[in-house]
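Below is one structure, written out as structure tokens; the observations come after it.
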Amino acid sequence: MNMTTILTNRELFLLMICTVFYVTLFILVIQSNRRKIQLLQSRLDNIHAMQKMAVMEQRVSDKSTLMSSPIYLRIKQYLNEGRSMTESDWTELTEAVDTTYAGFTDKLYSLYRMSEQDLHVSLLIKMRLQPKDIATLTAHSKESIATTRSRLYQKVFGKKGSTKDWDDFILSI
């Protein structure tokens, strides 16, 4: 046998020890990285939870601001009287909603070029009014309001959706 190609027992032992050392080191680095990733994921989850809470708190604040506005009080009066809204009421409502929910109407128009009726229905959904109240304020039937809501969802998202799907979308923006 050739002596240069054969490892001695001592060299073989050192090679095995080095291999075990590097494999152990590799495993420790992987475990350390996993712990770091878990810690970062936990922190990220906490940040997301805090953001959701902040958004919810802001929405409650926004809602209370909007619900104490003159236009909201006038809307409640119109509902008590069974009246629809005037053109100036719609302008005031649009401004109030856009002020409370930055650029709400611009966001809607960027998705789909809405008719006046589509916008009015969406604004009243944002005010969290019931479909029967939306029908009264827009001088349309409850069925017409339901059709508008489901049609808007289909136009914007390109798939069939329920009236609730559109409402949920409007409340999310």
Candidates for Cα extents along the principal axes in Å are (1) 45, 37, 36; (2) 107, 33, 23; (3) 43, 35, 26, and the calculated one carries label (2)
Rounded to the nearest percent, how much of the accessible area of the chain (1.4 Å probe, protein heavy atoms only) is carbon and sulfur?
59 percent
Within the chain, what's the longest run with no trypsin sites (Lys or Arg not before Pro) in a DSSP loop and at most 10 other beta-carbon atoms within 10 Å? Give the range, please.
1-112
How much length would be gained if the chain were fully extended between M16 and K142, taking 0.36 nm per residue of separation minus their Cα-Cα distance, in nm to one decimal?
37.3 nm
What is the calculated FRET efficiency for S88 to K160, with r their C-beta to C-beta distance and R₀ = 22 Å, to the nearest 0.05?
0.05
With r defined as the distance between the Cβ atoms of S150 and R74 and R0 fixed at 22 Å, what FRET efficiency is calculated, to the nearest 0.05?
0.15
Row for the stretch 85-173, column shape: gyration tensor on C-alpha, a ≥ b ≥ c, rounded if a/c < 1.5 i.e. under 1.5, prolate if a/b over b/c, else oblate; value oblate
Of the candidates Q154, Q130, Q41, which one comes out as most mobile in a Gaussian network treatment of the chain with C-alpha springs shorter than 10 Å?
Q41
So if each residue of separation counts as 0.36 nm, and I subtract the Cα-Cα distance between E81 and M67, what length gain in nm does that give?
3.2 nm
Can you tell me which of V20, V156, V97 moves the most in a GNM of the chain? Springs connect C-alpha atoms under 10 Å apart.
V20
Kindly state, to the nearest 0.05, the FRET efficiency for V23 paired with N46, given R0 = 35 Å and r defined as their beta-carbon distance.
0.50
Would you mind checking the tilt of helix 87-100 against the longest principal axis of the Cα atoms of the chain, expressed as 0 to 90 degrees and rounded to 10?
20 degrees
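The values are calculated or read from the model by the stated rules, or taken from the named source; none is laboratory data. The model shown is predicted, which means the values in this text are computed figures rather than measured ones. Note that we place each Cβ from the backbone using ideal geometry, even for glycine, and neighbour counts take in every protein chain shown. Remember, those area values only see protein heavy atoms, side chains included, never the ligands or the DNA or RNA. Shrake-Rupley method; radii C 1.70, N 1.55, O 1.52, S 1.80 Å.
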